[in-house]
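Enquirer: Below is a structure I'd like to ask you about.
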Amino acid sequence: MGVSSFLKKIFGKTKDSNTNIVLQNEKNNNQSQSATIPHIEKAENFIDETFNKLKETSEPILEDAVEYASQAKDIISQYVEKATESISDIIDSVKEANTEINDEKVVYNTVVDVSEKEINSTDE
């Protein structure tokens with residue numbers, strides 16, 4: 001019986017110390033949560049403020065970019081019209097020059113050596 005009472009005392013002490021450890025852990029956990037919550041809220045506020053500032057700062061820049069893009073489009077369209085007209089003029093002048101060349105008779109100066117035998121397509 002002495003052994004059983006000895007074991008009961010040991011296991012009883014272990015059970016009590018385990019209970020104390022669990023209670024201490026719960027207490028520490030609660031303290032950690034209560035200490036962490038304000039920091040999380042501060043971080044959330046900081047992120048919200050930063051996002052709003054970024055939004056406010058970027059809006060005028062985006063508006064300017066849209067305006068510059070519109071101006072660039074207008075300027076480019078003017079140059080496209082001018083370039084199209086110039087290319088059309090060049091094509092017309094090339095066509096005219098080509099028809100003038102085709103209308104002219106071109107004389108080729110060739111020298112034929114009569115001492116050589118004439119090559120025909122039937123000669124093989």
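The values are calculated or read from the model by the stated rules, or taken from the named source; none is laboratory data. What you are looking at is a predicted structure, and each value in this text was computed from that prediction instead of being measured. All Cβ positions, glycine included, derive from the backbone under ideal geometry; neighbour counts span all protein chains shown.
Enquirer: Surrounded by 10 or more Cβ atoms within 10 Å (Cβ to Cβ), in a helix (DSSP H, G or I) and either modelled with pLDDT of 80 or more or among the hydrophobic types (A, V, I, L, M, F, W, C) (or both), is that true of residue 56?
Expert: no
Enquirer: Moving to a separate point now. Within region 59-111, track down each residue that is at pLDDT 90 or above and among the aromatic types (Phe, Trp, Tyr).
Expert: 68
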